[in-house]
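Below: one structure, written as structure tokens.
The values are calculated or read from the model by the stated rules, or taken from the named source; none is laboratory data. Since the structure is predicted, the reported quantities are computational estimates derived from the model, not experimental observations. Virtual Cβ from ideal backbone geometry, glycine too; neighbours counted across all protein chains shown.
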Amino acid sequence: MTITSEAVGMGRFHRAADGADLPGLVLVHDVWGLSEHSAALASDWAREGFGVLEIDLYRRLDRVEIEDVGAWIRRLSDPEVVADLEAGARWLAEESAACRGRRVGITGVCMGGLYTLLAACRSDRFAAAAPFYGMLSYDEGMLAADEGRDRVRKPVSPIEASEGLRCPTIASFGREDGFVPEADVDALEAGFSRSGTRFEIDRYEGAGHAFLNRTRPEAYSEAASAAAWSRVVPFMRDALGGRAPL
């Protein structure tokens, strides 16, 4: 199958060369921005029959120089990022000829997984979500600041937002993830359970953070990636398969 990729105003759009009437998917990159990894993931989703907007969250910035990953993410405004993701969903559903009128989902890895979770809990624009190993807490771990949380940029963490889950969600985590403790995943699951919305949380033995990233051999897990893909793709197809109400 031939996959076409083209630059668009919000990032890059990927689809099968002959693809039309496709369910849409916003793909959110990790902290490092658009990369070989995000492009490969977008192409993988396109091969599965989705029209994929590989959104560039940094496109308005003059430069991206990341020395401290936690500090960089803490400086990002969550409300502004979620609004940007909603704009991406609108572009797919209203302006993209390949996806116009179709349901739109969202997926992302690492920081992109975090924002996929927040979008699933704070926005009504998405029909399904598939976050991969997004960080969950703002008060402990790499996203906690010594001076305390900036409540304007970071009003709610994924754990705090979880009971407001608004769309079917399948979340994937590695049990050996040094950035996402099992206790945080337990708390996310408890919140999701109170939401009344369909969800699944998968935890993969022997997998750490970034287990889906083939460009990082030290992190990539072929077994966990294959298992997660076999679960996530059917879930998203089921959730996004029909036409959105016009």
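For residue 210, state whether it is assigned to a loop (DSSP other than H, G, I, E, B) and surrounded by 13 or more Cβ atoms within 10 Å (Cβ to Cβ). Criteria met by residue 210.
Screening the range 1-19 for residues that are closer than 19 Å to residue 108 by Cβ and among the hydrophobic types (A, V, I, L, M, F, W, C) and picking the one that is surrounded by the most Cβ atoms within 10 Å (Cβ to Cβ) gives 13. Where strands (runs of 3 or more DSSP E) fall entirely within the range 1-105, those with at least 1 residues that are polar (S, T, N, Q) are at 3-8. Per this entry, residue 186 is not counted among residues that are at pLDDT below 95 and under 24 Å from residue 74 (Cα atoms).
Which of the residues that make up the range 151-182 are of a type in the set (A, V, I, L, M), outside any strand (DSSP E or B) and touching a Leu at 6+ places or on another chain (Cβ under 8 Å)?
156, 159, 161, 180
Annotation note: of 160, 218, the sole residue that is farther than 15 Å from residue 114 by Cα and either surrounded by fewer than 20 Cβ atoms within 10 Å (Cβ to Cβ) or at pLDDT below 95 (or both) is 218. The set of residues from the range 20-43 being more than 24 Å from residue 81 (Cα to Cα) and either of a type in the set (S, T, N, Q) or surrounded by fewer than 20 Cβ atoms within 10 Å (Cβ to Cβ) (or both) comprises 20, 21.
In this structure, is residue 215 hydroxyl-bearing (Ser, Thr, Tyr), closer than 26 Å to residue 93 by Cα and not in a strand (DSSP E or B)? Against the criterion (hydroxyl-bearing (Ser, Thr, Tyr), closer than 26 Å to residue 93 by Cα and not in a strand (DSSP E or B)), residue 215 does not qualify. When the criteria are applied in full, residue 145 meets the requirement of being of a type in the set (A, V, I, L, M, F, W, C), outside any helix (DSSP H, G or I) and out of contact with any strand residue (DSSP E or B) (no Cβ under 8 Å at 6 or more places or on another chain). List pairs: first in the range 121-144 and more than 14 Å from residue 165 (Cβ to Cβ) and touching a residue at least 24 places away in the same chain (Cβ under 8 Å), second part of a strand (DSSP E or B) and among the aromatic types (Phe, Trp, Tyr), Cβ under 6 Å, 6+ apart or cross-chain? Close Cβ pairs (under 6 Å, with a partner that is part of a strand (DSSP E or B) and among the aromatic types (Phe, Trp, Tyr)) amount to 133/173.
When each of 121, 110 is tested for being crowded, with 17+ Cβ neighbours inside 10 Å, out of contact with any Ser or Thr (no Cβ under 8 Å at 6 or more places or on another chain) and closer than 24 Å to residue 201 by Cα, the lone residue that passes is 110. Only residues that are part of a helix (DSSP H, G or I) and of a type in the set (Gly, Ala, Ser): list them for the range 106-130, please. Once the filter is applied, which keeps residues that are part of a helix (DSSP H, G or I) and of a type in the set (Gly, Ala, Ser), the range 106-130 yields 112, 113, 119, 120. For first residues located in the range 151-171 and over 21 Å from residue 72 (Cα atoms), partners that are surrounded by fewer than 23 Cβ atoms within 10 Å (Cβ to Cβ) and small (Gly, Ala, Ser) and lie 6+ apart or on another chain with Cβ distances below 6 Å form the pairs 162/191; 163/191; 163/195; 165/195; 168/239. Could you please find all residues in the range 90-124 being of a type outside the set (A, V, I, L, M, F, W, C) and under 8 Å from the mean Cα position of the chain (by Cα)? Within the range 90-124, 107, 108, 112, 113, 115, 116 meet the criteria. May I ask you to list the residues in the range 6-24 that are within 14 Å of residue 97 (Cα to Cα), in contact (Cβ under 8 Å) with a residue 24 or more places away in the chain and not charged (D, E, K, R)? Across the range 6-24, the qualifying residues are 8, 13, 14, 16, 19, 20, 22, 23, 24. The condition of being at pLDDT 95 or above and either among the aromatic types (Phe, Trp, Tyr) or closer than 13 Å to residue 131 by Cα (or both) holds for only one of 202, 177, that being 202.
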